[in-house]
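The structure appears right after this line, and notes come after that.
The values are calculated or read from the model by the stated rules, or taken from the named source; none is laboratory data. Given the structure is predicted, the values throughout are model-derived calculations rather than measurements. Backbone-built Cβ (ideal geometry, glycine too); neighbour counts: all protein chains shown. Remember, those area values only see protein heavy atoms, side chains included, never the ligands or the DNA or RNA. Shrake-Rupley method; radii C 1.70, N 1.55, O 1.52, S 1.80 Å.
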Amino acid sequence: SRQGERRCFQHRYRPKRSPSTLGRVDRDARHPPVLSRAIYIKVRSDETLIFPIHIFDKSYFAQADRKEEFVFGIYYGIILVMFFYNFLLYITLRNRYYFYYLLYVLTLGLYQLALNGIIFQFWPENPGWNKIFLPISQLLLQLTLLLFFKNLLNINRKNRFDYNTILILLGILFLSLGSLSVLEYATIIQPLNTLGILYMVFSIILTVRSYKQGNRTALFFLFNWLTFFVGGITLALRNFGLVPDNFYTTYSLQIGSTLEMLLLSLALADRINRMKDELAVLNTTLEEKVEERTEELLSVLKELRKKNDIIESELELASDIQKCIMPHKDLELSFLKVAVHCEYLTSVGGDYFDILPSKKNNMGVLIADVSGHGIPAALLTTMAKISFMNAMGKKESPIEVFKEVDRNISEIITTQNYLTAFLLVVSKDGKLSFSSAGHRPAIVYRRDQERMDEFKTEGLFLGILEKDKDYFTQKSDKVNRGDRILLYTDGIIDAFDSEEERWGEDRLLQCFQESVDLPVTEARDYIIGKWKEYVGEMGMVDDSTLILLEYQPDTEDTTQKSTR
């Protein structure tokens, strides 16, 4: 009956014989006569009640109760076995499908405990909790089974209809869970039963759609849903009083859920086997593709090695040519001692230095730095070498030499490359003139005064812009015997140590100061040694050149050596 309904049932009571007397013929009429009694029952409840009721004598009731407990023992034993078996598989395989299956088995067991009234034994003094636990466990069962269904059939955003249907069902389930805290049991129980039927219908529709799309695992789900659907529908019809109450209708959900667990386990195993087969196919295909790509890569690598050998050979030749256009790194001229360190980041580079005699027997010392690295920069240094040689043969002052070289290079270079330069022209009597084309200033150490000065002028890079005739500036000065002049490129001061701290001008000047009493070549080695010790494994970041000059006017002309 539903809440508020009152019905009276008249039942003819006829005591049944005990099992020990069944089949015996009552010939001697020793049994008492059959009695007829009218029993009136008044019922009021907000829960689902199933009528008619059955009345047994004690012995028959005990036998029926043992039979029911035996059936329940087998059923819950199957649930426990399936749970722990699949739990061990989940621990071993770490597959998310087994995790969702474990949740389903767990919630199914809780739902059946509540449905059969067994869980009531744990809190008999709180019958209200047992009442509310039934719809909670029912919704949790539907929720976990829906999640398991979604993951095992791989329903994602690509299947828009199926995916949206799953989201709608999940939303309804969460709303139903929330409504349990505000609605009465009698109000919510019938909609929940209806929701369960709709839930199974939609699940069967989605399973059929998935099977038509080529998902073989959906076939197992289809049989699974049919068994569970038949059991659930039978139980719902019994709850509505539309089918008779007997063993099969009362325990139809247990029978259907047992078959469902077995079929879901088979579906899960089939899914894993399919994944293994697909993985095996993918591995085979991958191995074939890897072999094909390996052969292609080996072929390409072979060609690259050939080209690399050609490039290496050409670089060696270019390096030899570039070394030939540079003067010797240690020179003793008629009034100058020269020590040079020049090191490239690659086989060839963009740093350039030269010793250029002028037509008045003065000596020009040049240091230049071409933008960029490698072969393009090396080609520009070769061009600069020729241009500076021609200009020094015609001009005497550094500013005129720069103007001539800038004009020649600007007419040829059409790229964004440029070069910086510093030109120092020294005479035998110690008079000198200098000019800078965007290069770092030279450092002079005046021995008699024991101090350092800078040779610095204004000027823009060579080969980048058309310049006015008076753009470059020039200055004059004088050095005395023993004075030293230091020229360098950016690669020296822009090197870094392991902590990414720059070498810088201060450390260079300190090493220059510490080495002024050493011979010029040893002083050069001292500075470069400290520089490399500081840089360590970090190495250079740019082509690096350092020139150290010492003015010695008393050196005889016969000691002059070839500069090329």
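Miscellaneous remarks
- Scanning segment 75-128 for residues that are outside any helix (DSSP H, G or I) and under 23 Å from I189 (Cα atoms) turns up N116, G117, I118, W123, P124, E125, N126.
- One residue stands out in segment 515-531 among those that are over 12 Å from E550 (Cα atoms) and among the aliphatic types (A, V, I, L, M): the one that is surrounded by the fewest Cβ atoms within 10 Å (Cβ to Cβ), namely I528.
- Segment 92-126, residues that are open to solvent by 80 Å² or more (accessible area, probe 1.4 Å), more than 31 Å from the chain's Cα centre (by Cα) and over 22 Å from E260 (Cβ atoms): Q121, F122, E125
- Filter result for the condition that a residue is open to solvent by 50 Å² or more (accessible area, probe 1.4 Å), at pLDDT below 75, hydrophobic (A, V, I, L, M, F, W, C) and touching an Asp or Glu at 6+ places or on another chain (Cβ under 8 Å), over F220, F228, F247: F220
- Note on segment 147-166: residues that are surrounded by fewer than 19 Cβ atoms within 10 Å (Cβ to Cβ) and closer than 24 Å to Y111 by Cα amount to 2.
- When the criteria are applied in full, Y101 meets the requirement of being under 30 Å from A269 (Cβ atoms), at pLDDT below 80 and aromatic (F, W, Y).
- Hits in segment 351-371 (condition: open to solvent by 10 Å² or more (accessible area, probe 1.4 Å) and either in a strand (DSSP E or B) or without any contact (Cβ under 8 Å) to a residue 24 or more places away in the chain (or both)): P357, M363, D369
- Test: residue in segment 325-333 that is part of a helix (DSSP H, G or I) and either closer than 30 Å to A391 by Cβ or out of contact with any helix residue (DSSP H, G or I) (no Cβ under 6 Å at 6 or more places or on another chain) (or both): yes
- Annotation note: Cβ proximity below 9 Å between a residue of segment 536-554 that is β-branched (V, I, T) and a residue that is assigned to a loop (DSSP other than H, G, I, E, B) and surrounded by fewer than 24 Cβ atoms within 10 Å (Cβ to Cβ) (sequence gap 6+ or interchain) occurs for V541/L345; V541/D494; V541/A495.
- Among residues that are surrounded by 15 or more Cβ atoms within 10 Å (Cβ to Cβ), not β-branched (V, I, T) and not in a loop (DSSP other than H, G, I, E, B), Y534 is included.
- Being open to solvent by less than 60 Å² (accessible area, probe 1.4 Å), at pLDDT 75 or above and more than 16 Å from L115 (Cβ to Cβ) holds for only one residue in L177, L268, and it is L177.
Here is a yes/no grid of residues against (1) within 25 Å of V426 (Cβ to Cβ); (2) out of contact with any Asp or Glu (no Cβ under 7 Å at 6 or more places or on another chain); (3) without any contact (Cβ under 8 Å) to a residue 12 or more places away in the chain; (4) open to solvent by less than 90 Å² (accessible area, probe 1.4 Å):
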residue	(1), (2), (3), (4)
R305	no, yes, yes, no
S313	no, yes, yes, yes
L317	no, yes, yes, no
H328	yes, yes, no, no
F335	yes, yes, no, yes
A339	yes, no, no, yes
C342	yes, no, no, yes
L345	no, no, no, yes
G349	no, no, no, yes
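- The one condition from (1) among the β-branched types (V, I, T); (2) over 23 Å from I325 (Cβ atoms); (3) open to solvent by 10 Å² or more (accessible area, probe 1.4 Å); (4) in contact with a strand residue (DSSP E or B) (Cβ under 6 Å, 6 or more places away or on another chain) that T420 does not meet is (2).
- Top-ranked residue in segment 367-392 [being among the β-branched types (V, I, T) and under 49 Å from the mean Cα position of the chain (by Cα); ranked as nearest to F422 (Cα to Cα)]: I367
- Within segment 190-209, none of the residues are out of contact with any helix residue (DSSP H, G or I) (no Cβ under 9 Å at 6 or more places or on another chain) and open to solvent by 20 Å² or more (accessible area, probe 1.4 Å).
Residues are listed down the side, and each one gets a yes or a no for (1) modelled with pLDDT of 80 or more; (2) out of contact with any helix residue (DSSP H, G or I) (no Cβ under 9 Å at 6 or more places or on another chain); (3) hydroxyl-bearing (S, T, Y):
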| position | (1), (2), (3) |
| --- | --- |
| H341 | yes, no, no |
| L345 | yes, no, no |
| V348 | no, no, no |
| V365 | yes, yes, no |
| G374 | no, no, no |
| A378 | no, no, no |
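- Residues within segment 473-504 that are over 42 Å from the mean Cα position of the chain (by Cα) and not polar (S, T, N, Q), tallied: 12
- Of all residues in segment 105-155, those being under 23 Å from L264 (Cα atoms) and basic (K, R) number 1.
- Any chance L89 is among the hydrophobic types (A, V, I, L, M, F, W, C), surrounded by 15 or more Cβ atoms within 10 Å (Cβ to Cβ), closer than 22 Å to T258 by Cβ and in contact (Cβ under 8 Å) with a residue 12 or more places away in the chain: no
- Residue, modelled with the lowest pLDDT, within segment 466-481, restricted to residues that are in a loop (DSSP other than H, G, I, E, B), surrounded by 10 or more Cβ atoms within 10 Å (Cβ to Cβ) and of a type outside the set (V, I, T): K467
- Number of the condition not met by L113 [criteria: (1) of a type in the set (A, V, I, L, M, F, W, C); (2) touching a helix residue (DSSP H, G or I) at 6+ places or on another chain (Cβ under 6 Å); (3) at pLDDT below 80]: (3)
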